[in-house]
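A short reminder: the numbers here are calculations on the coordinates, not readings from a lab. Since the model is a prediction, treat every value here as computed from it, not as a measurement. Cβ coordinates were reconstructed from backbone atoms using ideal geometry, including for glycine residues, and neighbour counts include every protein chain displayed.
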């Protein structure tokens, strides 16, 4: 069983990096998920979860990736305030996920 599943993990391409920026004036969170792919309609970031202080406040479910390098989302998150801990989790539709947490200053 293990020998059969090894090729699947070799081909897997989970998200590589998450970059977050927050604009205090507009209350918008910019999320960039580095996830290089060949076909944005077949292999893409299928879910982005936004948590503020441990509570999930939004889930975004793209149907395809923004471009062949990144999934980019710019979203209003009124729950964020100075001092908030924001956690983003991005999940690939093929395999793997990545999370990042920042504190808003």
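Give, in nm to one decimal, the length gained when the segment between residue 13 and residue 66 is fully stretched (0.36 nm per residue of separation minus the Cα-Cα distance).
17.4 nm
So what's Rg/Rh here for the chain, counting alpha carbon atoms and using the Kirkwood radius for Rh?
When Rh is taken as the Kirkwood radius, the ratio is 1.04.
Can you tell me the relative contact order of the chain? Whole percent, Cα pairs under 8 Å, sequence separation 6 or more.
Details: 230 pairs, mean separation 32.9, N = 105.
31 percent.
Just to be sure I understand: with springs between alpha-carbon atoms less than 10 Å apart, which residue in 71, 79, 32 has the highest mean-square fluctuation in the Gaussian network model of the chain?
Checking each option, the largest mean-square fluctuation is seen for 79.
Suppose R0 equals 22 Å. What FRET efficiency, 1/(1 + (r/R0)^6) with r the Cβ-Cβ distance, do residue 97 and residue 23 give to the nearest 0.05?
Using R0 = 22 Å, I get an efficiency of 0.30.
On C-alpha positions alone, give me the angle between the axis of helix 2-11 and the longest principal axis of the chain, in degrees, nearest 10.
Tilt relative to the chain: about 50 degrees.
Mean residue ellipticity at 222 nm from the helices of the chain, using -39,500 (n - 2.57) per DSSP H segment of n ≥ 4 over the full residue count, to the nearest 500 deg cm²/dmol?
Per the formula, -3000 deg cm²/dmol.
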